[in-house]
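Structure record follows, encoded as structure tokens.
The values are calculated or read from the model by the stated rules, or taken from the named source; none is laboratory data. Everything numeric in this text was worked out from a predicted model, so none of it was measured. Positions of Cβ are generated from backbone atoms using ideal geometry, with glycine treated the same way; all protein chains shown enter the neighbour counts.
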Amino acid sequence: MRVGIIGAGPAGTICALSLLRGAQARGQAVEVWLFDGKSFSRIGPQGCNMCAGVIPTSLFDYLGRLDRTTLDAIVQRYVAGHYFHASAGGIHVPKEAGATLCTVFRSAGPRGDTPDEAQSFDNLLLKTALDLGAWLVPYHVQSIVLPTGAGAPFLVTTTDGDAHEVDVLVGACGVNSALMTQFEGLGFGYRRPRTYHVAQAELPLRPEFIEETFHGEIKIFSLGMKGIRFGALTPKRHHVTVTVIGRQVTREDLERFLRHPNVLQHFPPGWQIPTHYCHCHPRLPVTAARNPVTDRLLMIGDTNIARYLKGGIESAFFTASLASEMILDGKMSRAELWRGYVRPCHAKYLTDNAWGRLLFLLNDIISLLRPLTRAAFALLHREEQVVDPRDRLHLHSLWHIFTGDAPYRQIALEILSWRALWTTWRMLRAKEDSEMRPFPESGEGESGNR
């Protein structure tokens, strides 16, 4: 059996690894062909899958034993926590016990840097799959033809003119790919997820300044700026990744965000936005795809479904692993794929994403109404003083919302539980204000420098 996977980013390479490892364990013969014309050893958007590059280090365990030299090259910085800014102040959200996140580059570096493929996370994923026996077709896909009969192959033609026959086809090209239009035109009813826009930039800063200012924290902003739902500053070694998310954000919105006083305080005094810098404008899925399967064809990663307003690494892992099981089990009819693949994906994400929308809506309301924002930050600063970590329910929930490492439903139910409501009421009624650290007004007091 020959499996063709269109896209060699995280979803495609994890699917390839799962197929090859599963086939070896079962004694099955499987050929895996990865189609991708993008080279992850290039710098800038041409070699990048365009995300902020925050991943759990547990993903390295999945790739197998990695030597220290490889890890040191890949990991830009380890994440020590988050700092959350809103219009009425800010709060440090410490790392949860046992959680380990790091920041990486998806390509060989930002535009303007010297290419260093050793620091490309996606290149590491691809190399691991190739070492295990996958084949790479290093050209863009030009056309896809569905099988003409029950036993006939798919025909995948690449830009070098070659036509490749495969028995099973996996779409892992991501929502930012022009191939989305091709898949929608194949006639089996596929429709890509609806998306938000993201504007992203890599801005160079001195490593010493990044260390002294960020202390390994990712800065999250909900400032009520028109057209910008969220913003973030993610520290790397020599760069800070700037991300803004909204329905139709542009480069102008990104630069407007950078000029906000609460954002500027995390840059050196007198810092100016560079004239030229590495930037990209990816899309972020906010709904599920329609009809992501047909006979012997299935869409994985964010071309199918992802956690609401989160990067696609986690959904790439889940959907790719589940897809490989279906392929190895030989359950490849549309009906079988719908029961064994689509329904489990919907069960994991669809309802949970509805809870996510509720949580983000509540955040939007609180961020826009200053009295509510002040009350929320008063509560969060009181939680900082609590000795028992189990009573830091809202800080705990913020960590999970920012990292996406817990279901939204679980987070919402924790916030709305009787225990949480009782703790909130007790803290807000506390008369120990004189012993509590005052929280800063916007642009005052706490900044990235501690």
Could you tell me which of the residues Ala29, Ala16 is buried (at least 22 other Cβ atoms within 10 Å of the Cβ) and over 30 Å from Val242 (Cβ atoms)? Ala16
Need pairs with beta-carbon distance below 6 Å; first residue farther than 18 Å from His197 by Cα and within region 49-61, second surrounded by fewer than 19 Cβ atoms within 10 Å (Cβ to Cβ); sequence gap 6+ or separate chains. Thr57/Thr100; Phe60/Leu66
Taking region 283-308, which residues are surrounded by fewer than 21 Cβ atoms within 10 Å (Cβ to Cβ) and either within 29 Å of Pro115 (Cβ to Cβ) or not hydroxyl-bearing (Ser, Thr, Tyr) (or both)? Arg283, Val286, Ala288, Arg290, Asn291, Asp295
Candidates Pro193, Pro153 - the one that is under 24 Å from Ile55 (Cα atoms) and either at pLDDT below 95 or surrounded by 14 or more Cβ atoms within 10 Å (Cβ to Cβ) (or both): Pro193
Meets criteria (buried (at least 18 other Cβ atoms within 10 Å of the Cβ), free of Cβ contacts under 8 Å to residues at least 60 places away in the same chain and either basic (Lys, Arg) or part of a strand (DSSP E or B) (or both)) for Leu254: no
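Yes/no per residue for (1) of a type in the set (Gly, Ala, Ser); (2) without any contact (Cβ under 8 Å) to a residue 40 or more places away in the chain; (3) surrounded by fewer than 20 Cβ atoms within 10 Å (Cβ to Cβ):
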position: Leu337; (1), (2), (3): no, no, no
position: His346; (1), (2), (3): no, no, yes
position: Leu358; (1), (2), (3): no, no, yes
position: Asp388; (1), (2), (3): no, yes, yes
position: His394; (1), (2), (3): no, yes, no
Select, from Phe267, Phe317, the only residue that is among the aromatic types (Phe, Trp, Tyr), within 15 Å of the chain's Cα centre (by Cα) and either over 15 Å from Gly174 (Cα atoms) or buried (at least 18 other Cβ atoms within 10 Å of the Cβ) (or both). Phe317
Scanning for something out of contact with any helix residue (DSSP H, G or I) (no Cβ under 6 Å at 6 or more places or on another chain), closer than 27 Å to Leu20 by Cβ, in a helix (DSSP H, G or I) and not small (Gly, Ala, Ser), does region 364-380 turn up at least one residue? no
Taking Leu59 as meeting all but one of (1) buried (at least 20 other Cβ atoms within 10 Å of the Cβ); (2) touching a helix residue (DSSP H, G or I) at 6+ places or on another chain (Cβ under 8 Å), write down the number of the exception. (1)
